[in-house]
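Working notes for the structure below.
The values are calculated or read from the model by the stated rules, or taken from the named source; none is laboratory data. Model, not experiment: these values are computed from the prediction. For neighbour counting, all protein chains shown are included, and Cβ atoms are generated from backbone atoms with ideal geometry for every residue, glycine included. Note: areas computed on protein heavy atoms with side chains; ligands, DNA, RNA excluded. Shrake-Rupley method; radii C 1.70, N 1.55, O 1.52, S 1.80 Å.
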Amino acid sequence: MSDAAILVLNAGSSSLKFSLFPPGAGAQARIQGQIERIHDDPLFTVRGETSAKTVLGTGHRGHARCLDYLLGWLAPRARVIAAGHRVVHGGIHYDAPVRVDATVMERLRHLIPLAPLHQPHNLAAIDLLREMDPALPQVACFDTAFHATKLPPASIFALPREWAERGVRRYGFHGLSYEYVARTLAREQPRLAAGRVVVAHLGSGASMCALRGGRSLDSSMGFTAVDGLPMGTRCGTLDAGVVLFMIREQGLSPDEVELMLYNRSGLLGVSGLSNDMRTLAASADPRAAEAIELFVFRITQQLGALAAAMEGLDGLVFTAGIGENSPDIRARVLNKCAWLGFELDPVANQANAALVTTPTSPRPALVVPTNEELMIAIHTGEVVGRTAM
Ligand code: AMP
C-alpha cells in the first residue's frame, strides 16, 4: 500500500499546479509539478522524489482530461486522502478554510465575478474532482481568509453602509502567502514578527500587506484582486471615474472593461511588450523601462501608506517571483525608501540573501521565499482531521 498524502491543487486558466504532501504539519512536499498549456498542447512536469517531463498530446486537452491524467499518474505513487485547493475569494462567508460541500460551492460560485481570472478555474477543479472521486474530502483555502483580522476603517469603503452589508468590502488577497511569511517570521525573527512589518508579495499578481504582531492590519488589495499595485496584466488601483468613462464615453461593455482591467493592463499594458518582468528587464524599449518605473513607484507609495496605517514600520519583507528573484527591483524600492531607514547591502541583495540591508541599517529588509502550497496542505490536514467521522 502506498503512502497516504494530501494533494494540493492550484487550478488556473491554462495551468494546473499540484503538490503532494505527507500528512502532518510542516513537512516538505514529496513532489511538485504542473500541467501547462492545458487547452493547447498539455505539458506535464514534475520534480521531487521523482521527476518527469511529458508532452501529453492534444488528446489530453482541457481541465478534465488533465486532472484525470494526474490522478492516474498519482494512483500507484500515493494514496490521496484529501485534496486542498487554493480558492481566491471566500467573500463574507468564509474567514477560514472550509471542507467543501454543495452549500459551500453554491456560495463560492456567487463570487466568480469578484475574481474572474481565478475563481472559476479554482471551482472547476473542485467540481471535477468531486465527480471523479465523490468520497475524497476536499478543502477550500482562501486568499481572503488571512485578512479577516482587518477592521474598519481598513476593511470598508466610503460608500453608503448598505454596500458593506452586501459584501462590498476591502477583503485583501494573497493571504496564504502572507500567512506563510508571518509564520516563518515568527519562527526565525520573533522580535520583528511581533512588530510592524510590510510584506511585498511581488509576482505576476502583486500586493502588499501590513502585518502587526503577525496579523493583517491592512493590504493594498480590496474588493477584488485587481486593486492595489500594477501587476503583470492587471491595472491595480484606478480612479473609479475611469471605468465610468470607458463605459459611457467609449462605449465599452462590462465584459470589455473587465478584459481591459484584468488582462490588458499592468506591466503588459504600459510596456506594450510583456507581462513578464524578466522580459521587461532585458528590453531596451523605453516603454519597458517606464512600466518598471511605475511598478516601483507604486510599491514605494504603498509602503508609505501601509507604514502610515500601522503608525510606524519595523521592517520590510520581499516575497514571490519578483520579490525573491529580482535584485534590481528590490534595490530600486529600497533606494527610493532610504528615507524610511533602509540601507541597501548591494552584495547581499545581488545574492538574493535572506537579509538585503546592511547589518547597521536602521530597519531590515528581508527576502522570505513564500510557500502557499505548504499552507494549503497544513490547513487541509487540520480541517479534515477536525471534520473526519
Ligand atoms: P510568480 O507569480 O510569483 O511566479 O512570479 C512571476 C513573476 O516573477 C514574473 O513576472 C517573472 O518574470 C518574475 N521573475 C521570476 N524570476 C525573476 C528574476 N530572476 N528576475 C526578475 N523577475 C523574475
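Using θ = phi - 60° in the Karplus curve 6.51 cos²θ - 1.76 cosθ + 1.60, the 3J(HN,Hα) couplings for region 5-17 round to 8, 9, 8, 10, 10, 10, 8, x, 5, 10, 9, 10, 8 Hz; x is entered for Gly and Pro. Think of region 4-142 as a dipole: +1 on every Lys or Arg Cβ, -1 on every Asp or Glu Cβ, centred on the Cα centre; then among 50, 71, 9, 50 lies furthest on the positive end. How far is helix 63-74 tilted, in degrees, relative to the longest principal axis of the Cα atoms in the chain, given as a value from 0 to 90 rounded to the nearest 10? Between helix and principal axis, roughly 70 degrees.
The helix-based estimate of mean residue ellipticity at 222 nm for the chain, built from -39,500 (n - 2.57) per DSSP H run of four or more residues and divided by its residue count, is -11000 deg cm²/dmol to the nearest 500.
Please give the residues of region 25-45, grouped as numeric ranges, whose backbone N is less than 17 Å from a label point set 7 Å along the Cα-to-Cβ vector of residue 58. Residues passing the 17 Å test: 37-43. Computed FRET efficiency, Cβ-Cβ of residue 308 and residue 355, R0 25 Å: what is it to the nearest 0.05? So the FRET efficiency works out to roughly 0.50. Between residue 103 and residue 252, the modelled label-to-label distance comes to 3.9 nm, taking each label 7 Å out from Cα in the direction of the beta carbon. Couplings 3J(HN,Hα) for region 157-163, derived from phi with the Karplus relation 6.51 cos²θ - 1.76 cosθ + 1.60 (θ = phi - 60°), are 9, 7, 10, x, 3, 4, 5 Hz, where x marks Gly and Pro. Here the accessible area is traced with a 1.4 Å probe on the protein chains. For region 4-142, carbon and sulfur cover 50 percent of it. Placing pseudo-labels 7 Å out from each Cα toward the beta carbon at residue 28 and residue 204 gives an inter-label distance of 2.6 nm.
Rounded to the nearest 10 degrees, the inclination of helix 119-132 to the longest alpha-carbon principal axis of the chain is 10 degrees. The residues of the chain have, on average, 46 Å² of accessible surface per residue, using a 1.4 Å probe with all protein chains present. Only Cα pairs under 8 Å and 6+ residues apart enter the sum, and on that basis the relative contact order of the chain stands at 15 percent.
Within the listed set 198, 243, 100, the residue fluctuating most in the Gaussian network model of the chain (springs between alpha-carbon atoms under 10 angstrom) is 243.
In terms of accessible area, using a 1.4 Å probe and ignoring ligands and nucleic acids, 339, 163, 73 rank largest first as 339, 163, 73.
Ordering of 311-317, 277-283 by packing is 311-317, 277-283, highest average first (other Cβ atoms within 10 Å, averaged per residue).
Distant-in-sequence amide contacts of residue 139, defined by a placed amide H-H separation under 5 Å and a gap of 5 or more residues or a different chain, comprise 83, 84, 85, 100.
If I compute solvent accessible area with a 1.4 Å probe over the protein chains, what percent of it on region 175-372 is carbon and sulfur?
Numbers: 4680 of 8820 Å².
The computed percentage sits at 53.
Which residue, 317, 294, 331, has the largest displacement toward the positive end of the dipole of region 242-345 when charges sit on each Cβ (Lys, Arg +1; Asp, Glu -1)? Of the listed residues, the answer is 294. If the segment from residue 49 to residue 336 were pulled out straight at 0.36 nm per residue, it would be longer than the present Cα-Cα gap by 99.0 nm.
Counting 0.36 nm for each residue step from residue 77 to residue 135 and taking away their Cα separation leaves a gain of 18.9 nm.
For the chain, the dipole from Cβ point charges (+1 on Lys and Arg, -1 on Asp and Glu) about the Cα centre works out to 540 debye, to the nearest 20.
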